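Here is the structure we will look at, set down as structure tokens.
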Amino acid sequence: MRVATLRAAPGATVIEAGSIAAAVDRLRGTPRLDLILLDLRMPDAVGFSGVATVHAERPDVPIVVVSAADPSEAAGARRYGAAGFLGKDASLPEIEATVRAALGGTRVVLEPSNDDETDAMAASIACLTPAQLKVLIAMLGGRLNKQIAHDIGISEATVKAHVTVIFRKLGVQNRTQAVIAARALGLEAVEQAA
């Protein structure tokens, strides 16, 4: 992937990360980015949580999802903000064309979705701030507000405020509805380290 990226964008600087957490750190430390190539199956990501997290952190940078997963997941990646989708078995010319298109501001054609309600909910999740997304992902794991506060290092009052905003943005009334909506879109809890 590195070689294809450099061929598509000579002189580009490629910054790599081995996890979503490391990628977010690098995103925060790199003010000018033109493109993010993101593996759908990072060690600390489940479902589309990695795409949602990275998009929430840097919505200004196009994301091309790279995955050995079923190409039908392209629509899910699009719902969470991806500008393109590449299979890991993509040819060098396909990779180069996708990278060039994304760098040029063109959305690479992804499998269309015929479900406006699902697209609207995914857009709502994609609009969550990074902190709100962390809270939602923790809610998916059944964590209580007190546990979430401890896990991500914020006050319980702040967690409650985030939960209220999450409900409003998703158009739901309670945690159960929020979790059902998020799971229906492929968002899953990330296992807590013991």
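The values are calculated or read from the model by the stated rules, or taken from the named source; none is laboratory data. What you see is a predicted model, and the numbers here were worked out from it, not measured in a lab. Cβ placement follows ideal geometry from the backbone for every residue including glycine, while neighbour counts extend to all protein chains displayed.
Overview of results
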{"quantity": "Matching residues in segment 11-57 - criterion: being within 23 Å of GLY105 (Cα to Cα), under 12 Å from the mean Cα position of the chain (by Cα) and β-branched (Val, Ile, Thr)", "calculated": "VAL24, ILE36, VAL51, THR53, VAL54"}
{"quantity": "Test: LEU140 is buried (at least 18 other Cβ atoms within 10 Å of the Cβ), closer than 27 Å to ASP60 by Cβ, at pLDDT 75 or above and not assigned by TED's automatic domain parsing to the domain that holds GLY50", "calculated": "yes"}
{"quantity": "Residues being under 22 Å from the mean Cα position of the chain (by Cα) and part of a helix (DSSP H, G or I) - total across segment 129-148", "calculated": "12"}
{"quantity": "Segments classed as helices (runs of 4 or more DSSP H), wholly inside segment 1-102, with at least 3 members that are farther than 20 Å from LYS134 by Cα and of a type outside the set (D, E, K, R)", "calculated": "2-8"}
{"quantity": "Residues of segment 84-106 classified as of a type in the set (Ser, Thr, Tyr) and in contact (Cβ under 8 Å) with a residue 24 or more places away in the chain, total", "calculated": "1"}
{"quantity": "Positions within segment 133-149 being of a type in the set (Val, Ile, Thr) and farther than 14 Å from ALA178 by Cα, in sequence order", "calculated": "ILE148"}
{"quantity": "Those residues of segment 149-161 which are closer than 21 Å to ALA45 by Cα and assigned to a helix (DSSP H, G or I), in sequence order", "calculated": "ALA149, HIS150, ASP151, ILE152"}
{"quantity": "Extreme residue, farthest from THR176 (Cα to Cα), among residues of segment 110-128 that are part of a loop (DSSP other than H, G, I, E, B) and modelled with pLDDT of 65 or more", "calculated": "CYS127"}
